[in-house]
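Reading through the structure tokens given below for one structure.
Just so it is clear, none of the values below were taken in a lab; they were calculated from the coordinates. This structure is a prediction, so every number in the text was calculated from the model and none was measured. Please note: Cβ atoms are built from the backbone with ideal geometry, for glycine as well, and neighbour counts cover all protein chains shown.
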Amino acid sequence: MEKEDIYILAVESSCDETAASVVRNGREVLSNVIYSQIDLHTLYGGVVPEIASRKHIEKVNQVIEKALSDAGITLKEVTAVAVTYGPGLVGALLVGVSAAKAIAFAADKPLVGVHHIEGHISANYIENKELEPPFICLVVSGGHSHLVVVKDYGEYEIIGRTRDDAAGEAFDKIARAIGLGYPGGPKIDKVSKEGNPDAIRFPRAKVDGSTYDFSFSGLKSAVLNYLNSCEMKGIAVNQADVAASFQKAVIDVLVGHSMDAVSQYHFKKFAIAGGVASNTSLRAAFEKACREKGLEFYHPSPVYCTDNAAMIGVAGYYEYCKGTRHGWDLNAVPNLKLGERI
């Protein structure tokens with residue numbers, strides 16, 4: 001007897017993307033609709049939570065309708081509704097959670113709450129059909145820098161995390177400081193290609209007693225001090241060199257900690273995820289490091305690195321199969337920890 005297909009309708013609204021997707025059997029994306037607010041928030045140099053929440057309210061129903069239409073299925077054919085309920089901006093999360101609860105209730109479908117970081121990790125399953133746990137994954141985004149042992153679907157151990165700024169946050173702050181504006185990650189990635197990554201020696205921080213933890217605040221301060229020093233001395237700043245040198249310092253730390261962890265834990269598979277994982281220099285550095293160590297290297301396409309609902313649909317599928325169900329009291333949890341169940 002053939003197994004019946006499982007269709008997950010997923011909703012993601014943790015920051016400034018309103019997204020919906022339909023995923024079949026955990027690996028096949030039938031639709032992936034994203035409404036991005038980047039142009040709007042660029043005016044303010046970063047995400048304004050209140051504006052993000054209002055835009056989500058405007059767009060969430062349209063995005064969900066389009067996801068079902070693009071997938072060629074009706075709500076009746078959906079098996080379950082999955083939604084990001086944390087971490088993220090509380091107002092933004094509430095919009096997605098409320099919409100998903102209303103749809104699940106009205107259509108009499110199971111509701112599955114999904115952790116946003118679990119979604120990012122699960123994005124690797126979409127195009128890498130052969131990838132299965134266990135493996136190590138580095139999650140690098142605007143709000144998170146986690147080194148995670150993926151023990152099984154939905155089972156994680158965080159072995160390293162940032163003590164201060166996340167990598168993506170540092171990219172945004174330095175991009176603003178050197179006049180590139182928002183969003184910082186893609187702009188630094190682009191400008192760095194014209195610069196010399198060895199022009200300025202910025203620090204690579206290590207955290208005492210925590211081999212795999214990250215710290216980027218010292219690096220950020222070093223770049224700002226360099227810029228201030230140049231200004232005081234009347235020295236012209238080479239924007240591309242600063243961007244390239246800063247980026248190399250971040251990449252050296254991310255690659256170094258990750259490769260140490262892979263060796264220590266004796267894994268043969270390594271993956272990256274999150275918005276910063278679309279950085280071309282970071283990918284190239286990991287491809288080289290993994291090739292030298294004989295590791296299988298996995299990474300999602302850029303569209304699945306940034307916030308999207310397809311990754312939530314994949315994570316939601318595995319949670320659904322494990323029996324995870326949430327009630328109508330599901331709420332937004334802005335500081336939800338990976339592996340935490342609410």
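Derived scalar couplings between HN and Hα for the stretch 263-269 equal 5, 5, 8, 6, 9, 10, 10 Hz in order, rounded to whole Hz, by the Karplus curve 6.51 cos²θ - 1.76 cosθ + 1.60 (θ = phi - 60°), x for Gly and Pro. Among residues other than TYR7 with Cβ under 9 Å from its Cβ, the summed charge is -1 (Lys and Arg +1, Asp and Glu -1). Sorted ascending by nearby beta carbons within 10 Å, beginning with the fewest, TYR153, TYR265 become TYR265, TYR153.
Antiparallel beta bridges, as assigned by DSSP with both residues in the chain, represent about 60 percent of the total such bridges.
Among the GluC sites (Glu not before Pro) found in the stretch 108-212, those both in a DSSP coil and sparsely packed, with 11 or fewer other Cβ atoms within 10 Å of their Cβ, are GLU130. Give me the percent relative contact order of the chain, please, defined on Cα pairs under 8 angstrom at least 6 residues apart. The value is 25 percent.
Of all lysines in the structure, those lying under 20 Å Cα to Cα from LYS66, and not within fewer than 8 positions of it along the same chain, are LYS55, LYS76, LYS101, LYS109. Hull volume per residue, based on the alpha-carbon atoms of the chain and their convex hull, is 133 Å³. Seen against the Cα atoms of the chain and their longest principal axis, helix 90-107 is set at about 20 degrees. Here r is the Cβ-Cβ distance between ASN225 and LEU43 and R0 is 30 Å; the resulting FRET efficiency, rounded to 0.05, is 0.55. Taking a sphere under 14 Å around the Cβ of TYR35 and counting the other residues whose Cβ falls inside, with K and R at +1 and D and E at -1, yields a net charge of -4.
Counting neighbouring beta carbons within 10 Å and listing from fewest to most, the residues THR42, THR306, THR84, THR79 come out as THR42, THR79, THR306, THR84.
Which residue, ALA80, ALA236, ALA249, tops the fluctuation ranking in a GNM of the chain built on C-alpha contacts under 10 Å? Per the Cα network of the chain with a 10 Å cutoff, ALA236 tops the list. In a reduced charge model with +1 at each Lys and Arg Cβ and -1 at each Asp and Glu Cβ, the stretch 208-298 shows a dipole moment near 240 debye about its Cα centre.
Given +1 at the Cβ of Lys and Arg, -1 at the Cβ of Asp and Glu and no other charges, the dipole of the stretch 189-342 around its Cα centre is 240 debye to the nearest 20. Volume per residue of the convex hull around the Cα atoms, evaluated for the stretch 22-123, comes out as 105 Å³. Extent of the stretch 150-304 along its three principal axes (Cα atoms, max minus min coordinate, largest first): 54, 34, 28 Å. When the Gaussian network model of the chain links Cα atoms closer than 10 Å, the mean-square fluctuations of ALA123, ALA102, ALA20 top out at ALA102.
Could you tell me how many degrees, from 0 to 90 and to the nearest 10, lie between the Cα long axis of helix 217-233 and the main elongation axis, the longest principal axis, of the Cα atoms of the chain? Here the helix axis deviates by roughly 40 degrees.
Just round it to a whole percent: the fraction of Cα-Cα distances in the stretch 227-331 exceeding 19 Å. Roughly 62 percent, once rounded to a whole number. I want the local charge near HIS120. Using Cβ-Cβ distances under 12 Å, sum +1 for each Lys or Arg and -1 for each Asp or Glu among the other residues. Its environment carries a net charge of -3. Ranked for footprinting exposure by Cβ neighbours inside 10 Å, fewest first, CYS230, CYS290, CYS137, CYS305 give CYS230, CYS290, CYS305, CYS137. Rg over Rh for the stretch 178-251 works out to 1.00, using Cα positions for both radii and the Kirkwood form for Rh. When the chain is treated as a GNM, springs tying every alpha-carbon pair under 10 Å, which of GLY209, GLY119, GLY181 comes out with the largest mean-square fluctuation? Fluctuation is largest for GLY209. Assuming charge only on the beta carbon of Lys and Arg (+1) and of Asp and Glu (-1), the dipole of the chain about its Cα centre is about 480 debye to the nearest 20.
Using 0.36 nm per residue and subtracting the Cα-Cα separation, the extra length available between GLU194 and LEU75 on full extension is 37.9 nm.
Rounded to the nearest Hz, the phi-derived 3J(HN,Hα) couplings of the stretch 149-166 under the Karplus curve 6.51 cos²θ - 1.76 cosθ + 1.60 (θ = phi - 60°) are 8, 8, 6, 7, 4, x, 10, 9, 10, 7, 9, x, 8, 6, 8, 8, 6, 6, where x marks glycine and proline.
Can you tell me how much longer the chain between GLU157 and LYS293 gets when fully stretched, taken as 0.36 nm per residue apart minus their C-alpha distance, in nm with one decimal?
46.7 nm
Helix 167-177 and the long axis of the chain differ in direction by around 50°, with both axes built from C-alpha atoms.
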